[in-house]
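See structure below.
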Amino acid sequence: MRICADRLPKKKKSLGVFFLERKELKAALWRSGMLAPRALRSWLCALSCWWLHTGTASRLKTPALPIQSERDPLPSKGLAGCSFGGRFYSLEDTWHPDLGEPFGVMHCVQCHCEPQKSRRGKVSGKVNCRNIKQDCPNLECDDSVLLPGHCCRTCPKDSNDKKQTDSMLDSFEYFHEKGKEDDLHKSYNDRSYLSSEDTGFVQSRTDFVALLTGVTDSWLPSSSGVARVRFSLTRTTLTFSVTYQRIGRPSKIAILDSDGTPAFEYKVPKGQADMICGVWKNLAKSVLRQLQSEQMRISMTTSTGRREEVEGKIIKHRALFAETFSSILTSEEENAGKGGIAMLTLSDSENNLHFILILQGLIRHKDKEPVLVPIRVQLMYRQHVLREIRANITSNDPDFAEVLTDLNSRELFWLSRGQLEMAVATEGQDPRQISGFITGRKSCDAIQSVMSSGDALIPGKTGGVGSAIFNLHDNGTLDYQVQVAGLTSDVVGLTIELKPRRRNKRSILYDLTSEYSKAAGQAVGSWSRLEARHIHMLLQNELFINVATAHSQEGELRGQIKALPYSGLDLPRDELPTPLAGHFVSPPVRTGASGHAWVSVDKQCHLHYEIIVAGLSKTDDVAVNAHLHGLAEIGELDDSNTNHKRLLTGFYGSQAQGILKDMSVELLQHLDQGTAFIQVSTKMNPQGEIRGRVHVPNTCKFGAPAEVEEAEFDDLFLNDPEELKKDPNTCFFENQHHAHSSRWTPSYDKCFTCSCQ
């Protein structure tokens, strides 16, 4: 790919850069009637010159090489669709082409991935783009406006009726925080109190579940193994968390379409963990329809020892949104081919335990007409029956829902310790039984919190930051790691709390102050006395962590403890992330915002990142500024004239994540040495609102020998054209080979600089 940039004097670090897309982009724009192919480059370069010389670049502080993050891996070879502008689109998808900074999305051009069938019947995709401006309606008003992200002008409406319809943001994440009304005094901050329904990191998320049991109609002996898979669908990405019992670690997971054909296969990495986390990206529309209509199945197979297979149907279920406890029910019999799962939750105000059972293989009934089957459900502690419920279920719909009312203190204690067992048995001549222990809900999501002064009970702008991660064990033990930085005074209190009921009456659950080390700025430990009610609240995003200081006795920092959905990125979420604060910006910024970031470099030298921010202020007119725009950047800490800062992504809301596949040698070296930073810039603070220092050890040299410095590497290739020809990472342009990351002035125009990527 060739990058063309207008040259500026050396004093200016910001360069406007754009990508000359591949031939399909130029051809598509030409077909749309917007541009002729020959005019594309000159038009873009002219616009780039105008953008730079009018001073817009310096005002926006655009990074030297604004690269759009490549979030999605390359699709599998058998997947039909269209590749366009570095992204993959499924058949029938529509989008607006994005030319990157500074031009952005062409909202008046709509592209469509049209299915094409070859003579042999193979289906492929073809991109067709058209100009949609001529489709704009005629307006009756004289004061029409062009809203951001729109192609057509519209008549202004009342501000209360404005909708967020910015199609440019389709590739970004959204998070709209809605404060709940309560009985807090007005001087307290309502923004930090959100119900679990309001705190999802994404708006359109659909959850599914599957119960997997031994396959009975296979040539293999039926397995006694039982697995539970929880799925989360966000747009065209499906993440899954797998837990299993009485079966060896699976080697392969396959998701089957309505015909039983594998639509997706996942090779399970080797490991000792009892949970498997995976992701399926770029789901085709036909797959999404089958998934939503519950026509898909999932199977898991083992390869070590005796080959076993378990399989089940993927379904939606009403209990998933409220589930905080769960159990996998298995049989002691060999080759049982039966099992179940229990999804449980506590009542919000009373000690009632609601549960729903999904059973499979427990009832053997071959007749077409459904029959009633009597079952017995028992709640046990060490083989002693505490509660028993008898009921009838139908053979064709063996789901069962019930409530265990008024659990006493002993039962709640055993529930919190994972010592309560649920057993389900059929009654009659051929009784069958399955059972399992009840524990806190398991998933691949991370339990974490960002603490900011903007979310404190009495909001402030200190520039400080707090970051915390948690891990809940089956026995109710809660591991925690907390770090703080940039505080105005010494820490005098570190507590986990409930939402306060009234002013000056905080509800403290656990005091972690004794574990706090002033020298390290951290608190690391475990809390073994977590109650069942508090486990329920933790998994419903209803707990908070508060940092009190000598100058702010009520709390200088505060954050909500939330589950961060699994993203499928290769990140060390079990380690403390990099804290991001205004205190670390140069010069320091007194802001109410803060954040943290997980960063890693994989074997292919691709940068994985996930950034969470909190406390970003909003204007009073939320209709105009409902989502705060931020830019996430990565760069080096030194102040040299060489600018290696890169744009990771633009984002709206509280989260940014992705993969950057085009890292320079300089930035990788700074990451390895711990002299790199991640920064979030906003409209209020374009120079940077929060920043953090990043250290990611790596050995990436992009083909350079480990002992050869970068300058020597460049000199070697510049002085030996024959070596350049042998290197697969070089670019051939104007009859010359150029080394990777090198820059030169092209012969056709001295006003431009080209670089090889």
Top-ranked residue of segment 661-695 - restricted to ones that are among the acidic types (Asp, Glu) and open to solvent by 20 Å² or more (accessible area, probe 1.4 Å), ranked as modelled with the lowest pLDDT | ASP662
Search result, residues across segment 464-493 that are out of contact with any strand residue (DSSP E or B) (no Cβ under 6 Å at 6 or more places or on another chain) and either at positive phi or among the aromatic types (Phe, Trp, Tyr) (or both) = GLY476
Return the total of residues in segment 598-618 being touching a strand residue (DSSP E or B) at 6+ places or on another chain (Cβ under 8 Å) and open to solvent by 40 Å² or more (accessible area, probe 1.4 Å).
-> 1
In the set THR216, THR237, THR243, which member is open to solvent by 60 Å² or more (accessible area, probe 1.4 Å) and among the polar types (S, T, N, Q)?
-> THR216
Total residues in segment 266-323, condition of a type outside the set (D, E, K, R), more than 17 Å from THR206 (Cα to Cα), outside any strand (DSSP E or B) and without any contact (Cβ under 8 Å) to a residue 40 or more places away in the chain | 5
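Just checking, how many residues over segment 527-552 are assigned to a loop (DSSP other than H, G, I, E, B) and of a type outside the set (D, E, K, R)?
Within segment 527-552, residues that are assigned to a loop (DSSP other than H, G, I, E, B) and of a type outside the set (D, E, K, R) number 7.
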Tell me, which residue of segment 507-523 that is open to solvent by 40 Å² or more (accessible area, probe 1.4 Å) and out of contact with any Ser or Thr (no Cβ under 8 Å at 6 or more places or on another chain) is nearest to GLN481 (Cα to Cα)?
-> GLN522
Mind listing whichever residues of segment 86-144 are more than 27 Å from LEU283 (Cα to Cα) and either modelled with pLDDT under 80 or open to solvent by 50 Å² or more (accessible area, probe 1.4 Å) (or both)?
-> GLU101, PRO102, PHE103, LYS133, GLN134, ASP135, PRO137, ASN138, LEU139, GLU140, ASP142, ASP143
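Please go through segment 237-286 and give me each residue that is of a type in the set (Val, Ile, Thr) and within 21 Å of the chain's Cα centre (by Cα), ordered by number. Outline the logic, then answer.
So the first thing to find is which residues in segment 237-286 are of a type in the set (Val, Ile, Thr), and the list is 237, 239, 242-243, 247, 253, 255, 261, 268, 276, 279.
THR237, THR239, VAL242, THR243, VAL268, ILE276, VAL279 - these are the residues of segment 237-286 that are of a type in the set (Val, Ile, Thr) and within 21 Å of the chain's Cα centre (by Cα).
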Picked from segment 389-416 (must be out of contact with any Asp or Glu (no Cβ under 9 Å at 6 or more places or on another chain) and charged (D, E, K, R)), the residue least open to solvent (accessible area, probe 1.4 Å) is GLU411
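Quick one: which residue in SER224, SER192, SER196 is hydroxyl-bearing (Ser, Thr, Tyr) and modelled with pLDDT of 80 or more? Spell out how you get there, then give the answer.
Details: SER192 fails: modelled with pLDDT of 80 or more; SER196 fails: modelled with pLDDT of 80 or more.
Answer to the check: SER224.
Restricting to segment 541-597, name every residue that is of a type in the set (Asp, Glu), open to solvent by 10 Å² or more (accessible area, probe 1.4 Å) and within 18 Å of ASP490 (Cβ to Cβ). Working first, answer last.
First, the residues of segment 541-597 that are of a type in the set (Asp, Glu): 542, 554, 556, 570, 574-575.
Now restrict to residues that are open to solvent by 10 Å² or more (accessible area, probe 1.4 Å): 542, 554, 570, 574-575.
Result: GLU554, single match.
The values are calculated or read from the model by the stated rules, or taken from the named source; none is laboratory data. Fair warning: this is a prediction, and the values are worked out from it, not measured in the lab. FYI the Cβ positions are ideal-geometry reconstructions off the backbone, even for glycines, and counts take in every protein chain you see. Ligands, DNA and RNA are excluded from the accessible area calculation, which covers all protein heavy atoms including side chains. Shrake-Rupley method; radii C 1.70, N 1.55, O 1.52, S 1.80 Å.
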